[in-house]
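Below: one structure, written as structure tokens.
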Amino acid sequence: MRNILFIVLALFAIEASAQKPKKKKNVTLQQEAPKRYTLRSGEILLFSEMDGMRTKITVSFDNHGAREVTESVGFRSVERDLNLKVHSKSIFANGVLMTIDVQEGTGTRYPVGQFADAGGINFATITDSVKKEIGLEKTNKTDTILGYVCDVWTITHPVIPFSGTYSVWGNLVLKSETMTNGVPMKTYAVKIEANKPFDESLLAIPEDIIFKEPGK
């Protein structure tokens, strides 16, 4: 979850020979790192419910989302009387997104770029053309979650069977209710620790994880 500022300044350079006329030379300064979230750092505890499955989701981030770790633990029903545990982790840092299936012991790495959105819709930077393409619209309604007054967005995809609403504060989705192929899913925050120092140990990767090529 980015506002990109492009700053280009023209500086003058003088050639060694005084006989030659002065020429202009463009120098591009390093761009400022975008801020995905309003909060500099924090940790959010959410729960997700879908088709009898309940998942605990913990999102930790710092530097306004330049680094972010999401860990999900839950159970999914495969057959009647049989449950399989779901334990996954995603790490976004230095323009690389790593997804890890802790249960299976496998992972993938995706170079998504410094300014890319690594985890869903970036409500702060999404363009009007993309909004139209996916059927996303900001409403005039608000929703208060854990004391934070959120903007309410709706989505109705024109092609795939997907629709829903999002309650967003500071580009953080604190609640969502979606419908995919007739299956409802609800995700909601139950605790927010604003400006909590980032735990560096969250970036650690289990030693037994085998990384595979994406799509394999």
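THR58 to GLU137: extension gain in nm, 0.36 nm per residue of separation minus the Cα-Cα distance?
Residue separation times 0.36 nm, minus the Cα-Cα distance, leaves 25.7 nm.
Among VAL190, VAL168, the order by Cβ neighbours within 10 angstrom, fewest to most, reads VAL190, VAL168. Values of log10 I(q)/I(0) for segment 151-205 across q = 0.18, 0.21, 0.29 Å⁻¹ run -0.74, -0.84, -1.14, by the Debye formula with one identical scatterer at each alpha carbon and no solvent.
Each label point was placed 7 Å from the Cα along the Cα-to-Cβ direction; for VAL112 and VAL73 their separation is 2.3 nm.
No value in this document is a laboratory result; all are computed from the given coordinates. Worth saying up front: this structure is predicted, and the values here are computed from it rather than measured. For neighbour counting, all protein chains shown are included, and Cβ atoms are generated from backbone atoms with ideal geometry for every residue, glycine included.
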